[in-house]
Amino acid sequence: MTADDMTATPQPSGPEIPAGDGMCWVITDDRVGSINQAMGLAEAVGFPFEHKIIVLRQPWRSLPPAFWPPGVFGLKAGESAALTPPWPDLVISCGRKAIGPALAVKRASGGKTKVVHIQHPHMPLNRFDLVAVPGHDNLTGPNVIVTTGAIHRVSKAKLAAAKAGFAGRFDHLPRPLIAVLIGGSNKAFTMTHAIAERMAADISTLADRLGAGLLITASRRTGAENEAVLRRALSGPKVYFWDGTGENPYFGFLAQADAILVTGDSVNMVSEAASSGKPVFIIPLETAPGAQRAADKFNRFRKQVIEARAARIFDGSVDLDDRPVPLDETARVAAAVKTLFG
């Protein structure tokens, strides 16, 4: 489990709810990022929902959504969740592979099912009732709601529950408590051995200067060698470095921390941290070779978060008295979804 995986395990959605009672289907593939966004929006909307993880067969698995024939579900029998009537009142989909099945449900319902898609669909927007996209995607339209960062499952209620649930768990650590959420290499950024060493040195120096305790979690993308570097440099009685076993303490970290450091490679992690109301400081990573275009997209997001006063760049210091403006984009999109039902 990783920082990015903190809400990866879908929560049970309860028994099947009859259509006409505000039933919602959440349709995604098995990617954590897609699941977190779609489930987070469904939870915020408040309709009873079922999560449908779909697996597509060829050629639909490889076909761009814009070329998907109307009415085709494209599901792989025996591996995918079934999409059968009664049709839901609402479908929340996220990710490219969920678009075709979501629109097929709308067509099968005679247009009664409303479809809300998260992320840029790269097809005509009028096929959807609402599209939610982050501002760094540069997409606008009459049925588009633009967010600062990603939709997610972090909420005030969950943080309050985590604060109570993790009460006393980190009392052996000194205050202030600084949560450190570490990602790693992806299509836009790279994390090398040298970068990990430099990051660890900066964090260690900061903790020593403040007399702070550290709550640390790493990602699969961090890599085993880089994580070993971080664990060697960031250890001792003032550090809790999650070993990946037992209950994921990610919500507890966000709830209990006095400030949060988060690497800038993950829109989801930065968005989640910036919704906490805690001072948030983004640790930049180096652009991967030949990946400037992909990195520019992340950098546009980072600029928007900073301009929204929800986070700052980590320069080796933190301002514990900083009062950021928490992002609450999931609730804002949920309100727009509810207007579809009057």
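Key figures for this structure:
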quantity	calculated
Residue 132 being hydrophobic (A, V, I, L, M, F, W, C), surrounded by 23 or more Cβ atoms within 10 Å (Cβ to Cβ), touching a residue at least 24 places away in the same chain (Cβ under 8 Å) and in a strand (DSSP E or B)	yes
Selection within region 66-89 - out of contact with any strand residue (DSSP E or B) (no Cβ under 8 Å at 6 or more places or on another chain), surrounded by 13 or more Cβ atoms within 10 Å (Cβ to Cβ) and more than 14 Å from residue 28 (Cα to Cα)	68, 72, 86, 87
Residue list for region 97-125, restricted to those being more than 16 Å from the chain's Cα centre (by Cα), closer than 30 Å to residue 308 by Cα and outside any loop (DSSP other than H, G, I, E, B)	115, 116, 125
Of all residues in region 266-319 being part of a loop (DSSP other than H, G, I, E, B) and of a type in the set (S, T, N, Q), the one that is farthest from the chain's Cα centre (by Cα)	317
Tally of residues being of a type in the set (A, V, I, L, M), in a loop (DSSP other than H, G, I, E, B) and closer than 19 Å to residue 318 by Cβ across region 153-183	2
Positions within region 180-212 being more than 16 Å from residue 266 (Cα to Cα) and among the small types (Gly, Ala, Ser), in sequence order	194, 196, 200, 201, 204, 207, 211, 212
Sole residue being closer than 29 Å to residue 211 by Cβ and modelled with pLDDT under 95, chosen from 279, 284	284
Yes/no for residue 309 being in the same structural domain as residue 288 (by TED's automatic domain parsing), at positive phi and surrounded by 12 or more Cβ atoms within 10 Å (Cβ to Cβ)	yes
Any hit, region 200-209, residues being of a type outside the set (Lys, Arg), in the same structural domain as residue 235 (by TED's automatic domain parsing), buried (at least 20 other Cβ atoms within 10 Å of the Cβ) and within 19 Å of the chain's Cα centre (by Cα)	no
Test: residue 285 is crowded, with 18+ Cβ neighbours inside 10 Å, in contact with a Phe, Trp or Tyr (Cβ under 7 Å, 6 or more places away or on another chain) and not acidic (Asp, Glu)	yes
Qualifying residue in region 99-106 (condition: surrounded by 18 or more Cβ atoms within 10 Å (Cβ to Cβ), over 17 Å from residue 130 (Cα atoms) and at pLDDT 95 or above)	no
Every residue from region 184-239 that is part of a loop (DSSP other than H, G, I, E, B) and touching a residue at least 60 places away in the same chain (Cβ under 8 Å)	184, 185, 186, 187, 188, 191, 192, 218, 219, 237, 238
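Residue-by-condition table, conditions (1) within 19 Å of residue 327 (Cα to Cα); (2) modelled with pLDDT of 95 or more:
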{"site": "200", "(1), (2)": "no, yes"}
{"site": "206", "(1), (2)": "no, yes"}
{"site": "211", "(1), (2)": "no, yes"}
{"site": "230", "(1), (2)": "no, yes"}
{"site": "238", "(1), (2)": "no, yes"}
{"site": "241", "(1), (2)": "no, yes"}
{"site": "245", "(1), (2)": "no, no"}
{"site": "254", "(1), (2)": "yes, yes"}
{"site": "273", "(1), (2)": "yes, yes"}
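The values are calculated or read from the model by the stated rules, or taken from the named source; none is laboratory data. All figures in this text were calculated on a predicted structure; none of them were measured in a lab. We place every Cβ from the backbone using ideal geometry, glycine too, and count neighbours over all the protein chains shown.
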